[in-house]
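Asker: Sharing a structure below in structure tokens format, with a few things to ask.
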Amino acid sequence: MLEKVKTDGLAPTLEAVRNKLDQPLSMGYCNVGTVLEVGLDASGFVIGERVASNGKHAEVVSIPTNLYAKVPEGDTRLQAEAL
């Protein structure tokens with residue numbers, strides 16, 4: 001994004017970002033694990049539920065809810081580690 005600001009300017013960059021906010025994007029390389037705790041401001045997730053996150057790589061991570069996605073039950077393509 002910073003490179004785009006340098007080449008295209010601030011206003012066109014902000015417009016490009018805003019145009020993409022409603023588009024679903026693949027998470028790319030991510031963590032997979034089980035929910036250990038649910039924060040006070042978090043909703044829609046249950047302790048023990050399998051999720052994928054686009055967070056840091058660590059044994060246990062704390063991630064905002066907008067960076068989580070539920071892993072469909074029975075999906076064996078992903079190996080769960082604790083998140």
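Every number here is computed from the coordinates shown, using simple stated rules; none is lab data. What you see is a predicted model; the values in this text were computed from it and never measured. No Cβ is skipped: glycine too gets one built from the backbone with ideal geometry, and neighbour counts run over all protein chains shown.
Asker: Give me the lysines in straight-line cross-link reach of residue 56: C-alpha distance below 26 Å, same-chain residues under 8 apart excluded.
Answerer: Excluding near neighbours in sequence, the set is 4, 20, 70.
Asker: Evaluate the distance, in nm, between pseudo-label points positioned 7 Å from the Cα of residue 11 and of residue 36 along their respective Cα→Cβ axes.
Answerer: So the label points at residue 11 and residue 36 sit 4.8 nm apart.
Asker: Between residue 66 and residue 20, what is the label-to-label distance in nm when each label sits 7 Å out along the Cα-to-Cβ direction?
Answerer: If labels sit at residue 66 and residue 20, their model points lie 1.4 nm apart.
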